[in-house]
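Peer 1: This is the structure, below, for whatever I ask next.
The values are calculated or read from the model by the stated rules, or taken from the named source; none is laboratory data. Since this is a predicted model, take the numbers as computed values, not measurements. A quick note on method: Cβ atoms are made from the backbone with ideal geometry, for glycine too, and the neighbour counts reach across all protein chains shown. Surface areas here come from the heavy atoms of the whole protein model, side chains and all, with no ligands, DNA or RNA. Shrake-Rupley method; radii C 1.70, N 1.55, O 1.52, S 1.80 Å.
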Amino acid sequence: MEEAAAEIETAANTDGDPHARSVLGFLYGMGMMRERNKAKAFLNHYFAAEGGNAQSKMALAYTYSRQDMHEKAVKLYAELAEIAVNSFLISKDSPVIEPIRIHNGAEENKEALKKSRGEDDEDFQILEYQAQKGNAGAMYKMGLFYYFGLRGLRRDHTKALMWFLKAVDKGEPRSLELLGEIYARGAGVERNYTKALEWLSLASEHGLYSAYNGMGYLYVKGYGVEKNYTKAKEYFDKAADNEDAGGHYNLGVMYLKGIGVKRDVKIACKCFIVAANAGQPKAFYQLAKMFHTGVGLKKNLPMATALYKLVAERGPWSSLSRWALESYLKGDMGKAFLLYSRMAELGYEIAQSNAAWILDKYGERSMCMGESGVCTDAERHHRAHSLWWQASEQGNEHAALLIGDAYYYGRGTVRDYERAAEAYIHAKSQSNAQAMFNLGYMHEHGQGLPFDLHLAKRYYDQALELDPAAKLPVTLALASLWVRKNYADSFLVQIIDSLPEVYPRVEEWVENVIMEEGNATILTLFVCLLTVLYLRERQRRHAIAAAGAHEPNEHVVPAAR
């Protein structure tokens, strides 16, 4: 690893190779085989970006956006978003292939991973068998999977073309539109706009209204036909009238640029908003440009940056996610962690979350490399903490919870109740029940937040409203509040306050001696303990009161005789 890093550094510094500079920036940024140095990471990415490296442009844009340097971030993201948009389809909106989140909170996301095993997936093998037996719907799905690279498959335009043609022979109309796309783009075949128009026309005749977008596009550009803006608008109107997001988008472009119609930015903006609300990625790009330039919408660089980033993350460089997932599914945690870490540097929240989870879940198996070799426990904890923090900044509530826990318990960092509270508040803002419960607990005990039993109860109640499964812990917490309020100076409060220290020891004893999964038993034991202690305290008070009632009153004046 050290030799490889040295070769990369030589290629970067001696030859000025932009790709080598980009990798070197990554190594400095992560502290891998090099001392972690943000300044050197930034410089290498800067020169790599100047040399045209798209990944370094993504890394720089993300760095600028984290520092609220929107003037610089928006410029880079705009350039990257344009590249991404140019890779999108002309007619049918391609399925949004988001990176797979390999975990679901504390557990592995088995369902999502099962659907990402490509040709090894049992469901895919059943579908392939059905297609081979002549099922037209299965043939169409096979073509779709190979064309877009869905369900963990590598894109294969040749196989996609084969299955679409077979599906059409069986009378499956949805394949017609994709065949038009294939010939228009020359994907696996020689580009042929005439054939593309023929397939798209057939698709539109079968009620596939998104095909009108492809036809309109060909007439706008004059590809295979003579340019005809009137006809193009007619096709886009047909698509939009049938609630097709692409139709609204294309009409927006015509009104924005005054193509075949009178230029009207307001109408264009309305069209883009409708398309964006339906998830049309190109519409997000146009809205980002409006926020960027102040044309059609009030200038707003933070909003422009966020929208450009959303589009840019769908660019060609997102293929790193597929390679990372393939490595994870093969059990190569080291390669998966390395690739997710690279994507994390580019600003992908899911990659940040996945990389951090691999570190926490697999420890040494993650092959985390530190400054001088395999990561120490401290380096691994620090890196996971940093990755979770970045993910939490981008709205990952599970990451915010983990950051809060890290500060609350002092895991991988110095214990800091105030910063723990900040993280929990961040998670709470996303309506997270666990975060609300934690905030209630901190208010109840005055840890990092003011001691306030009323606020504690409010947070406990909100946690229960959000998640009915929280009924047992919330009930216990409210019982604790009641005891604390009514018996503030009794030994019951001392017992309750000692439970966090006693709990781990009891848990270990129950798991090792009684059962493996003893959480429910432990909670029951605590409830019983509190109940017994409370009843004994009550019994003692009643006994004292009763004894006092039977004792003679020395101050009573004797009755007159």
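Peer 1: Determine which single condition residue 298 fails, assuming it passes every other condition in (1) basic (Lys, Arg); (2) over 33 Å from the mean Cα position of the chain (by Cα); (3) not in a helix (DSSP H, G or I).
Peer 2: With (1) basic (Lys, Arg); (2) over 33 Å from the mean Cα position of the chain (by Cα); (3) not in a helix (DSSP H, G or I) applied to residue 298, the lone miss is (2).
Peer 1: Answer yes or no as to whether residue 366 is touching a Lys or Arg at 6+ places or on another chain (Cβ under 8 Å) and either acidic (Asp, Glu) or surrounded by 24 or more Cβ atoms within 10 Å (Cβ to Cβ) (or both). Walk me through how you get there before you give the answer.
Peer 2: Details: touching a Lys or Arg at 6+ places or on another chain (Cβ under 8 Å): yes; either acidic (Asp, Glu) or surrounded by 24 or more Cβ atoms within 10 Å (Cβ to Cβ) (or both): yes.
Taking the combined requirement at face value, the residue satisfies it.
Peer 1: If you take the residues of segment 407-447 that are under 25 Å from residue 465 (Cα atoms) and not in a helix (DSSP H, G or I), which of them is farthest from the chain's Cα centre (by Cα)?
Peer 2: 446
Peer 1: Go through segment 320-334 and give me each residue that's open to solvent by less than 40 Å² (accessible area, probe 1.4 Å) and in a loop (DSSP other than H, G, I, E, B).
Peer 2: 331
Peer 1: On to the next question. Here is a list: 181, 198, 177. Which entry is open to solvent by 20 Å² or more (accessible area, probe 1.4 Å) and among the acidic types (Asp, Glu)? I'd like the intermediate steps shown before the answer.
Peer 2: Working: 181 fails: open to solvent by 20 Å² or more (accessible area, probe 1.4 Å); 177 fails: open to solvent by 20 Å² or more (accessible area, probe 1.4 Å).
Testing whether each residue is open to solvent by 20 Å² or more (accessible area, probe 1.4 Å) and among the acidic types (Asp, Glu) leaves just 198.
Peer 1: So, in segment 130-154, exactly how many residues are farther than 20 Å from residue 171 by Cβ and among the hydroxyl-bearing types (Ser, Thr, Tyr)?
Peer 2: The qualifying residues number 1.
Peer 1: Moving on to the next point. Tell me which residues, restricted to segment 94-114, are aliphatic (A, V, I, L, M), closer than 21 Å to residue 318 by Cβ and either loosely packed, with under 13 Cβ neighbours inside 10 Å or at pLDDT below 75 (or both).
Peer 2: Those that are aliphatic (A, V, I, L, M), closer than 21 Å to residue 318 by Cβ and either loosely packed, with under 13 Cβ neighbours inside 10 Å or at pLDDT below 75 (or both): 96, 97.
Peer 1: While we're on this one: Can you tell me which residue is nearest to residue 338 (Cα to Cα) among those in segment 1-23 that are modelled with pLDDT of 75 or more and among the charged types (D, E, K, R)?
Peer 2: The extreme case among them is 21.
Peer 1: If residue 341 passes every condition in (1) within 16 Å of residue 281 (Cβ to Cβ); (2) out of contact with any Ser or Thr (no Cβ under 8 Å at 6 or more places or on another chain) but one, which one does it miss?
Peer 2: With respect to (1) within 16 Å of residue 281 (Cβ to Cβ); (2) out of contact with any Ser or Thr (no Cβ under 8 Å at 6 or more places or on another chain), residue 341 is out only on (1).
Peer 1: Return yes or no: is residue 283 assigned to a helix (DSSP H, G or I), of a type in the set (A, V, I, L, M, F, W, C), touching a Leu at 6+ places or on another chain (Cβ under 9 Å) and open to solvent by less than 10 Å² (accessible area, probe 1.4 Å)?
Peer 2: For residue 283, the condition - assigned to a helix (DSSP H, G or I), of a type in the set (A, V, I, L, M, F, W, C), touching a Leu at 6+ places or on another chain (Cβ under 9 Å) and open to solvent by less than 10 Å² (accessible area, probe 1.4 Å) - is not met.
Peer 1: If we only count helices (runs of 4 or more DSSP H) wholly inside segment 189-243, which ones have 3 or more residues that are under 37 Å from the mean Cα position of the chain (by Cα), within 18 Å of residue 261 (Cα to Cα) and assigned by the TED database to the domain that holds residue 267?
Peer 2: Fully inside segment 189-243 and qualifying: 211-221, 229-241.
Peer 1: Could we say that residue 353 is modelled with pLDDT of 85 or more and either open to solvent by less than 20 Å² (accessible area, probe 1.4 Å) or of a type outside the set (Lys, Arg) (or both) here?
Peer 2: Criteria met by residue 353.
Peer 1: With the structure loaded, tell me whether residue 117 is open to solvent by 80 Å² or more (accessible area, probe 1.4 Å), within 29 Å of residue 359 (Cα to Cα) and in contact with a helix residue (DSSP H, G or I) (Cβ under 7 Å, 6 or more places away or on another chain) or whether it fails that test.
Peer 2: Judged against the criteria, residue 117 is a match.
Peer 1: A follow-up question, please. Of everything in segment 452-500, what is at pLDDT 90 or above, of a type outside the set (Lys, Arg) and open to solvent by 80 Å² or more (accessible area, probe 1.4 Å)? Give them in sequence order.
Peer 2: 454, 465
Peer 1: Considering only residues that are in contact with a helix residue (DSSP H, G or I) (Cβ under 8 Å, 6 or more places away or on another chain) and of a type in the set (Asp, Glu), which ones fall in segment 460-482?
Peer 2: 461, 467
Peer 1: May I pose another question? Among (1) open to solvent by less than 60 Å² (accessible area, probe 1.4 Å); (2) closer than 24 Å to residue 394 by Cα; (3) among the polar types (S, T, N, Q), which single condition is residue 447 missing?
Peer 2: Single failed check for residue 447: (2).
Peer 1: Considering only segment 65-169, give the helices (runs of 4 or more DSSP H) lying wholly within it that have at least 2 residues that are in contact (Cβ under 8 Å) with a residue 60 or more places away in the chain and out of contact with any strand residue (DSSP E or B) (no Cβ under 8 Å at 6 or more places or on another chain).
Peer 2: So the answer is 70-86.
Peer 1: Among the residues of segment 400-418, what is the count of those that are within 29 Å of residue 488 (Cβ to Cβ), surrounded by fewer than 24 Cβ atoms within 10 Å (Cβ to Cβ) and not aromatic (Phe, Trp, Tyr)?
Peer 2: Matching residues across segment 400-418 total 5.
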